[in-house]
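Undergrad: Structure provided below as structure tokens; questions to follow.
The values are calculated or read from the model by the stated rules, or taken from the named source; none is laboratory data. Bear in mind the structure is a predicted one, so any value in this text is a computation, not a measurement. Positions of Cβ are backbone-derived with ideal geometry, glycine not excepted, and every protein chain shown enters the neighbour counts.
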Amino acid sequence: MRFCLAASGIFLSLLLTGCAASVGGGVVAPEAADKAVAELFSDTGERVLMQGGAESLDQSALDQSAAPNEDKFTIQTDQGIFMMTQSQLNQYLAQRRALQLAEAQAAAAALAASGGPQSPYGRVISRTIVPATAAVPQPTAPVAPLDPTSIQSSRSVPGGFDTYVAPGLSFTKGPAGMKNAGGSYPCVMTFDDGPHHTRDAQIYDILDEKGVKAVFFFVGSKVQKNPNTAKAAITRGHEVGYHSWDHKNLRAESLATVREDFRKGVAALNGIGITPKFFRPPFGNYNSGILATATSHGMDVINWTNDSLDWKIDTARGITEHVLEQSAPGDIVLLHSIHQRSVDALPDVIDGLKAQGCRFVSLQSWVTRATS
């Protein structure tokens, strides 16, 4: 079990092992766990629990079962972020302890019943394989640390601009025509596919540290599961756009399906006090029906000019190099908050783009400047 205490936005990771005695199978003893929890969490401040519970959590059910006038705390689980009272937290911990103990006992029973690892030829006690020739380790050249400020791009015009980036808008100037007095250009940092209950929080902290505001294109069904994570984007000063209800390719769907998608997804955002001004279609795919539906909900359709390809580039360094090598004045940069490698790449991506003359602005500011 791992717990984290959040205070003033700074997360301190604490491992419960060593704080509490354990019983057979490595399961934390209930009495020791209660004592450790009391030591880790004071009665004031924000509480964050980095483990799932024994049953699915639902914020509406938690609200209905909460005792009147009992203080609530922010609890983060692998199911999302929830508001819980002290008694609900105690119940949640008890459920988790029982689940862990049952899983450990079941695993031990299964292993005993099987008699250990088996092979088609009988029980395997031990086996050692000696290779005919031992491989000689080859020296590898050290990899130089990445300096994102040294990476330059030869592009002067963003890719896929005009009708692809914002098909419903009339541009009076392109991104390259939005040069600032000091020689820099307005750029926009965007994140798709959230809210992710842990990675979005990491991104918020990085953006604060770098002095950057961004746009988060949220999926409606995930907003419904992680409402507090979604609301945090607004309270931290970022913009929130809509990215469909469940990330299906809407261009392949009927107009009725598209309209129902917007109805459910926008309602999820409206339900937590967010009115999106921009829509980014999944995969960047749109048609006239999608454009018309977005317009009917008061949204402009916005894609991107700089695709990080973080969905297939599997290292933070590779993502950073790709973004910086293809950057151009006035870029709208696309990352995904569901990949840890994208989170890891973000500081270097920001530093590198700033070194190339990027000055990050809101999407609303970017659109206003490009269309006025």
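Undergrad: Just give me the residues in the stretch 284-304 being of a type in the set (Gly, Ala, Ser) and either surrounded by fewer than 19 Cβ atoms within 10 Å (Cβ to Cβ) or not assigned by TED's automatic domain parsing to the domain that holds Thr163 (or both), in sequence order.
TA: Of everything in the stretch 284-304, those that are of a type in the set (Gly, Ala, Ser) and either surrounded by fewer than 19 Cβ atoms within 10 Å (Cβ to Cβ) or not assigned by TED's automatic domain parsing to the domain that holds Thr163 (or both) turn out to be Gly284, Ser288, Gly289, Ala292, Ser296, Gly298.
Undergrad: Does any residue in the stretch 128-157 that is under 26 Å from Ala328 (Cα atoms) and modelled with pLDDT of 75 or more come within less than 6 Å, Cβ to Cβ, of a residue that is acidic (Asp, Glu) and part of a loop (DSSP other than H, G, I, E, B) six or more places away or on a different chain, and which pairs are these?
TA: none
Undergrad: Give the stretch 148-172 a look and list any residue that's out of contact with any helix residue (DSSP H, G or I) (no Cβ under 6 Å at 6 or more places or on another chain) and either of a type in the set (Lys, Arg) or outside any loop (DSSP other than H, G, I, E, B) (or both), or say none.
TA: Ser150, Arg155
Undergrad: Shifting gears a bit: State all residues of the stretch 174-228 that are charged (D, E, K, R), in contact with a strand residue (DSSP E or B) (Cβ under 6 Å, 6 or more places away or on another chain) and closer than 20 Å to Ala267 by Cα; if no residue qualifies, say none.
TA: Asp192, Asp193, Lys225
Undergrad: When residues of the stretch 173-204 are filtered for being loosely packed, with under 15 Cβ neighbours inside 10 Å and closer than 30 Å to Pro227 by Cβ, how many remain?
TA: 0
Undergrad: Which residues, counting only those in the stretch 45-70, are under 16 Å from His197 (Cβ atoms), modelled with pLDDT of 55 or more, in a loop (DSSP other than H, G, I, E, B) and of a type in the set (A, V, I, L, M, F, W, C)?
TA: Correct list: Leu57 only.
Undergrad: Please enumerate the residues belonging to the stretch 305-337 that are touching a Phe, Trp or Tyr at 6+ places or on another chain (Cβ under 9 Å) and either part of a strand (DSSP E or B) or under 21 Å from Ala230 (Cβ atoms) (or both).
TA: Result: Ile332, Val333, Leu334, Leu335, His336, Ser337.
Undergrad: List pairs: first residue in the stretch 356-370 and within 22 Å of Leu169 (Cα to Cα), second residue loosely packed, with under 14 Cβ neighbours inside 10 Å anywhere in the structure, Cβ distance under 7 angstrom, at least six positions apart or on different chains.
TA: Ala370/Lys173
Undergrad: Does the stretch 280-304 hold any residues that are under 21 Å from the mean Cα position of the chain (by Cα) and in contact (Cβ under 8 Å) with a residue 40 or more places away in the chain, and which are they?
TA: Once the filter is applied, which keeps residues that are under 21 Å from the mean Cα position of the chain (by Cα) and in contact (Cβ under 8 Å) with a residue 40 or more places away in the chain, the stretch 280-304 yields Arg280, Gly284, Ile302, Asn303, Trp304.
Undergrad: So for the stretch 254-270 (the condition being assigned by TED's automatic domain parsing to the domain that holds Gly298, among the hydrophobic types (A, V, I, L, M, F, W, C) and in a loop (DSSP other than H, G, I, E, B)), does at least one residue qualify?
TA: The answer is no; no qualifying residue exists.
So that you can scan it fast, the table gives a plain yes or no per residue for (1) under 15 Å from the mean Cα position of the chain (by Cα); (2) assigned to a loop (DSSP other than H, G, I, E, B):
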| position | (1), (2) |
| --- | --- |
| Ala176 | no, no |
| Lys179 | no, yes |
| Met189 | yes, no |
| Ala201 | yes, no |
| Thr229 | yes, no |
| Val240 | yes, no |
